[in-house]
Amino acid sequence: MDNLSLFVPSNLLHTQERMARYRLGGFHPVTLGDTFNAGRYKVHHKLGHGGFSTVWLARDQLHRRWVSLKIVAANDSASSREMPLLRKLESAGVKHIVKPLDSFVHQGPNGKHLCLVLELLGPTIDFVMSDYRDGDEPLEPETILRITRQLLQYQRRKRGFHCSRAPGIVA
């Protein structure tokens with residue numbers, strides 16, 4: 001019999017956002033090759049989705065670099081505090097956070113969508129941790145301590161920080 005301890009559970013039914021989210025006030029429909037902000041950002045690949053947005057790999061045609069394009073659902077765009085929070089963290093000198101590059105509003109068939117252009121990063125903390133859970137090599141304690149220390153220092157200075165409901169996202 002096969003070793004079942006090697007089985008990695010996966011719920012393929014929930015790997016994509018629900019189509020019902022693509023409605024008036026919801027997500028903006030994106031097709032690979034679409035461009036945003038007067039052609040500056042060209043979409044090449046889908047990176048993921050969350051409760052409030054979809055995230056795309058895009059090419060910044062002006063600066064000739066790869067970026068992450070986060071398109072917020074129309075109903076959540078006006079109340080989004082993500083870009084001001086990221087700018088505040090950046091100006092406070094907090095390290096190991098995504099760098100905000102640009103933002104703009106895109107009018108689509110489902111409403112006005114806040115679009116955040118962020119530096120392209122690697123995998124989420126959850127993905128990295130799953131590699132360590134599934135592998136033989138432990139995560140170095142120094143790395144865990146360094147990340148924890150930075151989060152606690154910021155929390156102490158600013159009296160709080162935001163943790164997303166999505167696994168691995170802390171801002």
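The values are calculated or read from the model by the stated rules, or taken from the named source; none is laboratory data. It should be emphasised that the depicted structure is a prediction, and the values quoted were computed from it without experimental measurement. Cβ atoms come from the backbone with ideal geometry, glycine included; neighbour counts cover every protein chain shown.
Tally time: how many residues in segment 70-97 are modelled with pLDDT under 95, assigned to a loop (DSSP other than H, G, I, E, B) and of a type in the set (A, V, I, L, M)?
4
Does Glu90 satisfy the criteria of being of a type in the set (D, E, K, R) and in contact (Cβ under 8 Å) with a residue 40 or more places away in the chain? It would help to see each step written out before you state the result.
Numbers: of a type in the set (D, E, K, R): yes; in contact (Cβ under 8 Å) with a residue 40 or more places away in the chain: no.
No; evaluated as a whole, the condition is false for this residue.
Considering only residues of segment 103-124 that are in a strand (DSSP E or B) and either at positive phi or of a type in the set (A, V, I, L, M, F, W, C) (or both), which is surrounded by the fewest Cβ atoms within 10 Å (Cβ to Cβ)? Spell out how you get there, then give the answer.
Let us first name the residues in segment 103-124 that are in a strand (DSSP E or B), namely 103-108, 111-119.
Applying the additional criterion that residues be either at positive phi or of a type in the set (A, V, I, L, M, F, W, C) (or both) yields 104-105, 111, 114-118.
Numbers: Phe104: 14, Val105: 12, Gly111: 18, Leu114: 22, Cys115: 23, Leu116: 22, Val117: 22, Leu118: 20.
Ranking the candidates gives Val105 first.
Taking the stated definitions as given, is Leu57 in contact (Cβ under 8 Å) with a residue 40 or more places away in the chain and part of a loop (DSSP other than H, G, I, E, B)?
Working: in contact (Cβ under 8 Å) with a residue 40 or more places away in the chain: yes; part of a loop (DSSP other than H, G, I, E, B): no.
Against the criterion (in contact (Cβ under 8 Å) with a residue 40 or more places away in the chain and part of a loop (DSSP other than H, G, I, E, B)), Leu57 does not qualify.
When residues of segment 15-28 are filtered for being touching a strand residue (DSSP E or B) at 6+ places or on another chain (Cβ under 7 Å) and within 17 Å of Gln107 (Cα to Cα), how many remain?
4
What number of residues within segment 35-91 satisfy the criterion of being aliphatic (A, V, I, L, M), surrounded by 21 or more Cβ atoms within 10 Å (Cβ to Cβ) and touching a Gly at 6+ places or on another chain (Cβ under 9 Å)?
Here the count works out to 3.
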